[in-house]
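Take a look at the structure below.
The values are calculated or read from the model by the stated rules, or taken from the named source; none is laboratory data. Predicted model only: the values in this text are computed from it and were never measured. Counting neighbours? That spans all protein chains shown, and the Cβs are built from the backbone with ideal geometry, glycine included. When the accessible area is computed, the model is the full protein with side chains, heavy atoms only, and any ligands, DNA or RNA have been set aside. Shrake-Rupley method; radii C 1.70, N 1.55, O 1.52, S 1.80 Å.
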Amino acid sequence: MRALLHRDLALALRAGGGFGLGLAFFLIVTVLVPFGVGPQSELLARIAPGILWLGALLACLLSLDRLLALDWEDGTLDLLATSPLPLEAALSIKAFAHWITTGLPLVLAAPVLGILLNLPGPGYLWLVISLALGTPALSVIGTFGAALTVGIKRGGLLLSLLVLPLYVPTLIFGAEVARRGAAGLDTLTPLLMLAGITAGVVAVMPFASAAALRINLR
């Protein structure tokens, strides 16, 4: 499992699916929003949590189409399917590698980009907490979508259509945690909901991803 994690991290950094692309997209979204809605500080402060969460979600989505594509092309998926390592564990490692190279940099960059959107001071901590708790679910769900569409030519659009509806609950409660934290309100309920979604996704989705991948490999 350590060798697989090291390999996936190296591939993500070398094959154009690393943190650079996601961070660049996240920065572009954050910079363009004030041009679109105007320089009103109060308006930017109100929408900042939702915009930052939406930018992070779309940035995670960018690299999903290559999550399993390289392994499909070189036959690695066939070897993983027949190896002693359970396919569920292998896909969990791939989702973890995706989070390290995509989700974690977004979590670390979000407070800096929050300055551009005039995010209120109390909201920075809750923004980081919500992203750290919610982005793992985005990577695991994305792995499921990649398993469903692996081997399909130009499956990136189909992958987005499949995954985006599954992202909506995480987006809603993640942005709500950041919004309530920025406004000084109680964040316990949306935080527990976000944690429950992530825990459920991490527990169930690897098995669904493995089942979908086995069907595609037949």
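In order along the range 67-81, the phi-based Karplus estimate (6.51 cos²θ - 1.76 cosθ + 1.60, θ = phi - 60°) of 3J(HN,Hα) comes to 4, 10, 5, 5, 5, 5, 5, 9, x, 5, 4, 5, 5, 5, 5 Hz; Gly and Pro are listed as x.
How far apart, in nanometres, would the label points at residue 83 and residue 3 be if each is projected 7 angstrom from Cα along the Cα-to-Cβ direction? It works out to 0.7 nm between the two label points.
Over the range 82-218, the alpha carbon radius of gyration divided by the compact-protein estimate 2.2 N^0.38 Å works out to 1.16.
Dividing the helix sum by the residues of the chain, where each DSSP H run of 4 or more adds -39500 (n - 2.57), gives a mean residue ellipticity at 222 nm of -27500 deg cm²/dmol. Distance between the C-alpha centres of the range 183-218 and the range 79-126: 13 Å, rounded to the whole angstrom. Placing unit charges on each Cβ (+1 for Lys and Arg, -1 for Asp and Glu) gives the range 34-168 a dipole about its Cα centre, and among 52, 96, 141 the Cα reaching farthest toward its positive end belongs to 52. Over the chain, what is the relative contact order in percent, taking alpha-carbon pairs closer than 8 angstrom and at least six residues apart? That works out to 27 percent.
Each label point was placed 7 Å from the Cα along the Cα-to-Cβ direction; for residue 58 and residue 183 their separation is 2.4 nm. Nearest 10 degrees is fine. How inclined is helix 123-149 to the longest principal axis of the chain, computing both from alpha carbons? With both axes taken from Cα atoms, the answer is about 30 degrees. Any idea which of 31, 129, 215 is furthest toward the positive side of the dipole for the chain, if Lys and Arg beta-carbons carry +1 and Asp and Glu beta-carbons -1? Value computed over the given set: 215.
Note on residue 37 and residue 21: the model spin-label points, each 7 Å out from Cα along the C-beta direction, lie 2.8 nm apart.
Each Lys and Arg contributes +1 and each Asp and Glu -1, all at the Cβ; summed about the Cα centre of the chain, the dipole is approximately 140 debye.
Can you pull the percent of the range 15-153's accessible area that's carbon plus sulfur, 1.4 Å probe, other chains left in place? About 73 percent, which is the carbon plus sulfur part of the accessible surface. Both numbers refer to the Cα atoms of the range 21-79; Rg and Dmax are 16.9, 55 Å.
Remark: the range 112-218 carries 47 Å² of accessible area per residue (probe radius 1.4 Å; ligands, DNA and RNA excluded).
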